[in-house]
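Please read through the structure below; I'll follow up with questions.
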Amino acid sequence: MPDQPETPPETAAELLAALRRLAGERKIDIEVDPRRLNHIDSPVASEADGNIWVYGAVGLAALLLWWKGIVPAVAVVAVGALLYLTLGRAYVHRRIERRVREKALSDLEIWRKLWRFPGIQLKAAGNSGIAECASPAGNWMAFVRDAAVR
């Protein structure tokens, strides 16, 4: 008997599980734009990720202000700002990407909230016959149905 194609998943929960599976098999690429998802209402953003850099710089500046004076304290604040703009942002972006892959792909409610934000793009790896799908306007469920049967 010839192989019959699988029936595509139908419920949103089944489609999310299929998306997670297809992403794990590298049949679907999930591209994340952390700059667009680093929003206070985003389900994968956390203010604490950025705040730890500020608290560290301010704490060290306060210590230096008490110990050495205003000039070293201001220098530490400037270096802290520079470190945040380089290393800190990269750290925040990695955390957002990790939360998309670990948290949002595991919870339908979080995934639905996340899909309302621009910054997620789904691509069928190695299959140019399936159009890309970008949040929030794209239909991720139709994309997964299409990708699951091909």
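The values are calculated or read from the model by the stated rules, or taken from the named source; none is laboratory data. What you see is a predicted model, and the numbers here were worked out from it, not measured in a lab. Reconstructed Cβ throughout: ideal geometry from the backbone, glycine too, with neighbour counts over all protein chains shown.
Output the residues belonging to the range 39-59 that are within 16 Å of L85 (Cα to Cα) and either surrounded by 17 or more Cβ atoms within 10 Å (Cβ to Cβ) or in contact (Cβ under 8 Å) with a residue 12 or more places away in the chain (or both). Can you show your working first?
Of the residues in the range 39-59, the ones within 16 Å of L85 (Cα to Cα) are 47-58.
Result: D49, G50, W53, V54, G56, A57, V58.
Sticking with this structure for a sec: E97 - would you say it is surrounded by fewer than 18 Cβ atoms within 10 Å (Cβ to Cβ), in contact with a strand residue (DSSP E or B) (Cβ under 6 Å, 6 or more places away or on another chain) and modelled with pLDDT of 95 or more? It would help to see each step written out before you state the result.
Working: surrounded by fewer than 18 Cβ atoms within 10 Å (Cβ to Cβ): yes; in contact with a strand residue (DSSP E or B) (Cβ under 6 Å, 6 or more places away or on another chain): yes; modelled with pLDDT of 95 or more: yes.
Yes; evaluated as a whole, the condition is true for this residue.
Further question: I'd like to verify a number: residues in the range 131-150 that are buried (at least 17 other Cβ atoms within 10 Å of the Cβ) and in a loop (DSSP other than H, G, I, E, B), how many?
The total comes to 1.
Additional query: Taking the range 100-117 as the search range and keeping residues that are loosely packed, with under 15 Cβ neighbours inside 10 Å and in contact (Cβ under 8 Å) with a residue 12 or more places away in the chain, which one is farthest from R21 (Cα to Cα)?
Of everything passing the filter in the range 100-117, R116 is farthest from R21 (Cα to Cα).
Here's something else I'd like to know. Looking only at residues in the range 1-29 that are modelled with pLDDT under 60 and touching a helix residue (DSSP H, G or I) at 6+ places or on another chain (Cβ under 6 Å), which one is surrounded by the fewest Cβ atoms within 10 Å (Cβ to Cβ)?
P5
Run down L87, L83, L64 and say which single residue is part of a helix (DSSP H, G or I), crowded, with 18+ Cβ neighbours inside 10 Å and not assigned by TED's automatic domain parsing to the domain that holds R21.
L64
Go through the range 119-130 and give me each residue that's surrounded by 15 or more Cβ atoms within 10 Å (Cβ to Cβ) and either among the charged types (D, E, K, R) or assigned to a loop (DSSP other than H, G, I, E, B) (or both).
Of the residues in the range 119-130, the ones surrounded by 15 or more Cβ atoms within 10 Å (Cβ to Cβ) are 119-124, 130.
Within the range 119-130, G119, K123, I130 qualify.
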